[in-house]
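Read through the structure below, which is laid out as structure tokens, and then see the notes.
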Amino acid sequence: MKKLLSIFLFGFCIIAAQEKEEVKKDSLHFEFEPDSLFLHIGETGEVTIKLLNQDGELANNPFYAYGRPRRALESKPRISDSTGIAKVTVKAYKPGKLSLSVRSISQKREDRIVDKMVIQVPYPPLEKIVFDDPQSKVYVGTAVNYSTTAYDQADLVRNNTEVTLTSSNSDIADFDMHGNLNANKSGKITITAAADDIVESVDVRVVKNPVRKVTLSAESDNIRTGDVLNFTAKTLSRSGKEVDGVPVRFSYSGKAEYGIGLPASGMLTAEGKFVAETPGLYAITAHSSGYSARKIIKVIPRNVQKRVQVVGHGTISDVNTSDLWVWPGIGQYKGKDFAVTGTWSANGEAYFWDVTDPSNMIIIDTITVDARTVNDVKVSEDGTVCVITREGASNRKNGFVVLDVRNPFDVKITAEFNDDMTGGVHNVFVFDNHVYAVNNGRKYDIINIEDPSNPFRVGRYELSTPGHGVHDVWVIDGLAYSSNWADGVHVVDVGGVKFSEKNRSKIQFNPFLAKAGQGSPGNPVKLGSMADRNGHNHAAFPFISQSTDKFYIVTGDEWGNQFGMAGGFHFLDFSDTDNPKESAVYQVPEAGSHNHWVHGDTLLASYYQGGLRIVDISGELLGDIYAQGREIAFFLSSDPDGFMSNRPNVWGTMPYKGLIYFSDMNNGLWAVKLEDDQTMGTR
Amino acid sequence: MKIIFHILLLFSVVTLNARDYYVYCTAESEDEVALIRFDGKKAYVEKRIPVGVWPVEIEGPHGITVSPDGDYWYLSMAHGLPFGHLYKYKTGSDEMVNRVELGLFPATMGISKATGLLYIVNFNLHGGHSEASTVSIVDPDEMIEIERVETGIMPHGSRLLNNGLRHYSVAMMSGELYEIDAMTMQLRRTMSTAPKKMKMNKMDHDKMKKGAMDKMKHKMPPEKPTWVYPHPNDKLVYVVNNGTDNVVEIDVDKWEVVRTFKTDKAPYNCEVSRDGKLLVVTYKGAAKTGVWNLETGKEIAKFKNTRKVTHGVVISPDSRFAFVSVEGIGKQPGAVEVFDLKKLEKVDIAEIGKQAGGIAFWKMVD
């Protein structure tokens, strides 16, 4: 009993001591002197920080101090002395609400005390405000929008600056809250943009408005969904003379052909370009100076849908499949057709197929290399050489492998190229005896394979932006189109085909070729680019519209979210290479985009879980392609015997001899065709 | 008294038999982390935890560690766009808590018992192997990168003294050991990891392949150290020289190599048992695992692994079992092989996802 009592008392003492200890821990706190700071960029300040106990005495416990965000606020020293006191010098490098964080040092997480003090670093003073292309003459009865750009003393654009616009005489013209100057009567005014103590002014003449009529015309009054109709509005005087420079606004209303709840939806640009997504009757109106004109347009269904017929399928059931390539045999195999597919997160294999009879495609050879993923496969234009990529090598020395495919029934490894490619080659392209290899996701290397057994590096293309990366590269006519995530698509001259009397053809509509001629594989020269603000740029394919001769680059996203893969294909109008614009997007809401191919005026889109998508991209492209009924067909490539049963996951696609070949990550190689008599294919 | 002794003995035996050991192991080419339970005889894969955010890209889970209190595990994801990340997961539920972007190919990491901060090397496997990389220092509570300390080219291995005051890492292409003051976050000392007598001029240049010297323009030392592990006494650290097939013992105070252990082909990782008696070394090139007696400096056992590319090792805190990760090749599953360090025999194997790599001990449960 005595022993039990002793044990009980001993236990009680331990618990009591622990509670006392916890009280002590809880009472530790930081004291900052001063308790806040205001610094300009480049300025330093001093803060004395103490870690105190409940009695206000130094806690005899060291702590850390560090500026946040990193690189915005430098702090020294990082650690206090052993008594719990630190005199910290801070230096501001970036503006904003920064903080000096502190954390006591202890073994147990629950013992750690954290705190922070705010350090306000104001943005540099404004330097100037600039009116963006302001109009100096405004007509009575119209509204003109004025916008400005503010720059600070660091010459950085300050998007968050609140700029106030005022008129010197609000009876003549006055601003609404959105920057629109509403002109009421004739006269001269000065409009002023002001922010902080910076002021910029522009003189504006408000003149009598001679407009007495607005007319509206279009090339047609009967279009299909997806067709872009250009409206022309004219402002006319009483005498019928056209008045220039008077702003015209467009609007539309409509009634959908089908259903009560379905809206008549479309897109109408400020320039008067209209595209409808749903069939129905639409009224397009042009407004100016209190006058308007209206035109009724009938929109009919695009009706491009076709059924897809499966021609052949080769099941891969034990591994994931990656990319594909299809090519015609040469030499003694002339007249036969072959395909190669890679494998993903598997055994480093590439499968070679005889697809001469696509309804009976069979694997005729397998090449195994030291890799887990053969992500990409490409065959040279002359059908002699195949290049496959290696990632996940057992010795971590990745790269690519050159294969002799003149006899696809007995493919031979010609050479491996691993030099400086440790991180892996994800994608390649073969063009004119050179391999363009995406190296480590950072750059692409250009390797000469004129002698396939002796490849050697001749060039390299790498961006200089912070945190840059590259995912894919595609080469056509001596121009390399690389996809660089946030840096978007880059067009690089690696030996661009110059125009001549002999090669006058549709390629003349590629404006980059007009600029080509400076670069070579050993000297890649950038010709143009367009950044991707979303950072999703994964693949790119140049597209000369056969119906309009316009030049686009079709870029594809790759990104995922909590629901799986997402993204779409973007149509970048590069007609003006220095000022590219995204004009349209094709995006399946419930699936994720991957590789793509443009054939004629048709987009073949690999859409992972959304299957294969075949899209009509003829004519001018504007707005939401998916909503416009431009989808010709989609095909969900289910296979109960696949690596993942009945779960389509389309990786890549390629047209060939009237068929559409594609690889499905979960089940292998497919050949399908549209049920019509139009021939598709490159040969 | 004799009866009590026998009861206690029986109790201890029952207790030992009932002990479960838990380790986490990464599968770099599967984007998975496996939780393995070992009951003293059999190893069970309790869970295969999918990691990363991209369902169709391999993000490469490489290094892993468990917080000293066992509440969280931390995982480096090597591949990014282009920068990799450090992920934080809750142990047990294995739910992701947070992540922070770091440098190129973040790899091995350790948490200081003194500072509570996490020190992780940015391996930068990518590129031309000519630029020095860094050790990132992260507050693992808030998942904020506090500092980066530049070390050498392709830094690897990241371990701290038992007292948490010094951090050690090596750099493969610099052939050096780096000591960082964990408190001040500053590089204190560096030294070559070459054994005392080994110098560059002893290399037989005639036997080198043509062109090999060109690649050594930046005087890349042959040692290619891949790992460093401190002795529990905090007086010694062991550096694995992957390129010259040896492990060197370095006296931390003298800051010099005091012993060299000639090993099998291409040693890669190592760990010293908590009792300080044994050193277990993985031989990546030989597909074997060696056990060394640190008192005699002799290799007392060498196990052939079940597949190629032996990778990491972690030893249970009771110094009884070594858990060795083996990558395998191609689509071969990765493996965690368990060795009894007392009986010096192989006990069991657990097969996990492809390219088993980083391995960390979580807990022992009686």
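The values are calculated or read from the model by the stated rules, or taken from the named source; none is laboratory data. Here the structure is a predicted model, which is why all the values come from computation and not from measurement. Glycine gets a Cβ as well: all are built from the backbone with ideal geometry, and neighbour counts include every protein chain shown. Side chains included, ligands, DNA and RNA excluded: accessible areas come from the protein's heavy atoms. Shrake-Rupley method; radii C 1.70, N 1.55, O 1.52, S 1.80 Å.
Within segment B:79-96, the residues that satisfy the criterion of being touching a residue at least 40 places away in the same chain (Cβ under 8 Å) and under 16 Å from B:Glu145 (Cα atoms) are B:Leu86, B:Lys88.
Mind checking which strands (runs of 3 or more DSSP E) fall wholly inside segment B:74-115 and carry at least 2 residues that are away from chain A (no Cβ under 14 Å) and hydroxyl-bearing (Ser, Thr, Tyr)? Step through it out loud before you land on a result.
Numbers: elements: B:85-90, B:96-101, B:106-111.
Ranges flagged: B:85-90.
Taking segment A:82-110 only, how many residues are within 12 Å of another protein chain (Cβ to nearest Cβ), out of contact with any Asp or Glu (no Cβ under 7 Å at 6 or more places or on another chain) and open to solvent by 70 Å² or more (accessible area, probe 1.4 Å)? Total meeting the criteria: 3. Selection within segment A:38-81: residues that are assigned to a strand (DSSP E or B), more than 12 Å from every other protein chain (Cβ to nearest Cβ) and out of contact with any Asp or Glu (no Cβ under 9 Å at 6 or more places or on another chain). The member of this set that is surrounded by the most Cβ atoms within 10 Å (Cβ to Cβ) is A:Leu58.
Checking each residue in segment A:353-375 for being under 26 Å from B:Lys354 (Cα atoms) and surrounded by fewer than 24 Cβ atoms within 10 Å (Cβ to Cβ) picks out A:Ile363, A:Asp365, A:Thr366, A:Ile367, A:Thr368, A:Val369, A:Asp370. In segment A:197-209, the residues that are of a type in the set (Lys, Arg) form Cβ pairs under 6 Å with partners that are part of a strand (DSSP E or B), at six or more places apart or across chains, as follows: A:Arg205/A:Lys137; A:Arg205/A:Lys188. Could you please let me know if A:Gly488 is touching a residue at least 60 places away in the same chain (Cβ under 8 Å) and either open to solvent by 10 Å² or more (accessible area, probe 1.4 Å) or within 14 Å of chain B (Cβ to nearest Cβ) (or both)? Considered against the rule, which asks whether it is touching a residue at least 60 places away in the same chain (Cβ under 8 Å) and either open to solvent by 10 Å² or more (accessible area, probe 1.4 Å) or within 14 Å of chain B (Cβ to nearest Cβ) (or both), A:Gly488 comes out as yes. Against the definition (in the same structural domain as A:Tyr291 (by TED's automatic domain parsing) and open to solvent by 40 Å² or more (accessible area, probe 1.4 Å)), how does A:Glu219 come out, yes or no? So A:Glu219 fits the description; yes. Across segment A:657-678, the number of residues qualifying as closer than 11 Å to A:Gly314 by Cα and within 14 Å of another protein chain (Cβ to nearest Cβ) comes to 2. Filtering A:Lys336, A:Lys378 for residues that are out of contact with any helix residue (DSSP H, G or I) (no Cβ under 9 Å at 6 or more places or on another chain) and either open to solvent by less than 20 Å² (accessible area, probe 1.4 Å) or among the hydroxyl-bearing types (Ser, Thr, Tyr) (or both) leaves a single hit, A:Lys378.
Looking at segment A:439-454, which of its residues are modelled with pLDDT of 95 or more and within 14 Å of chain B (Cβ to nearest Cβ)?
Of segment A:439-454, the ones modelled with pLDDT of 95 or more are A:444-454.
Correct list: A:Tyr444, A:Asp445, A:Asn454.
Could we say that B:Asn233 is farther than 30 Å from A:Ala437 by Cα and at pLDDT 95 or above here? When the stated conditions are applied, B:Asn233 passes them.
If I filter segment A:145-155 for residues that are surrounded by fewer than 17 Cβ atoms within 10 Å (Cβ to Cβ) and outside any loop (DSSP other than H, G, I, E, B), do I get at least one hit?
Taking segment A:145-155 as the starting set, the residues that turn out to be surrounded by fewer than 17 Cβ atoms within 10 Å (Cβ to Cβ) are A:145, A:147, A:149, A:153-155.
This time we only want the ones that are outside any loop (DSSP other than H, G, I, E, B), so: A:145, A:149.
Checked segment A:145-155: at least one residue is surrounded by fewer than 17 Cβ atoms within 10 Å (Cβ to Cβ) and outside any loop (DSSP other than H, G, I, E, B).
Kindly evaluate A:Pro648 against the criterion of being in contact with an Asp or Glu (Cβ under 8 Å, 6 or more places away or on another chain) and part of a loop (DSSP other than H, G, I, E, B). Here the answer is yes, as A:Pro648 does meet what is asked.
Checking A:Gly261 against (1) out of contact with any strand residue (DSSP E or B) (no Cβ under 9 Å at 6 or more places or on another chain); (2) at pLDDT 95 or above; (3) not assigned by TED's automatic domain parsing to the domain that holds A:Asn649, which single condition isn't satisfied? All conditions pass for A:Gly261, except number (2). Test B:Ser174 against the stated conditions and say whether it is among the small types (Gly, Ala, Ser), at pLDDT 95 or above and open to solvent by 10 Å² or more (accessible area, probe 1.4 Å). When the stated conditions are applied, B:Ser174 passes them. Restricting to segment A:614-645, and then to whatever is among the charged types (D, E, K, R) and in a loop (DSSP other than H, G, I, E, B), can you tell me which residue is farthest from the other protein chains (Cβ to nearest Cβ)? Going through the qualifying residues, I end up with A:Glu620.
Contact list please: Cβ distance under 7 Å, first residue in segment A:592-616 and within 18 Å of A:Val304 (Cβ to Cβ) and among the charged types (D, E, K, R), second residue in a loop (DSSP other than H, G, I, E, B) and open to solvent by less than 10 Å² (accessible area, probe 1.4 Å), pairs at least six apart or on different chains. From segment A:592-616, the pairs are A:Asp601/A:Ser545; A:Asp601/A:Ile617; A:Arg613/A:Val588; A:Arg613/A:Tyr607; A:Asp616/A:Arg630.
Of all residues in segment B:29-46, those satisfying the criterion of being more than 8 Å from chain A (Cβ to nearest Cβ) and under 24 Å from A:Asn561 (Cβ atoms) are B:Asp31, B:Glu32, B:Val33. Across segment A:111-125, what is the number of residues that are in contact (Cβ under 8 Å) with a residue 60 or more places away in the chain and open to solvent by 10 Å² or more (accessible area, probe 1.4 Å)? Residues meeting the conditions: 8.
Kindly provide the set of residues from segment B:60-69 that are surrounded by fewer than 23 Cβ atoms within 10 Å (Cβ to Cβ) and more than 11 Å from chain A (Cβ to nearest Cβ), ordered by number. It would help to see each step written out before you state the result.
Here is the first cut: in segment B:60-69, the residues surrounded by fewer than 23 Cβ atoms within 10 Å (Cβ to Cβ) are B:66-69.
Matches in segment B:60-69: B:Val66 only.
Every condition in (1) open to solvent by less than 20 Å² (accessible area, probe 1.4 Å); (2) in a loop (DSSP other than H, G, I, E, B); (3) more than 12 Å from chain A (Cβ to nearest Cβ) holds for B:Val135 except the one numbered (2). The single condition among (1) within 14 Å of chain B (Cβ to nearest Cβ); (2) open to solvent by 10 Å² or more (accessible area, probe 1.4 Å); (3) closer than 28 Å to A:Ala437 by Cα that A:Ala539 does not satisfy is (2). From the list A:Ala627, A:Ala605, the lone residue that is modelled with pLDDT of 95 or more, assigned by TED's automatic domain parsing to the domain that holds A:Asp323 and within 25 Å of A:Trp485 (Cβ to Cβ) is A:Ala605.
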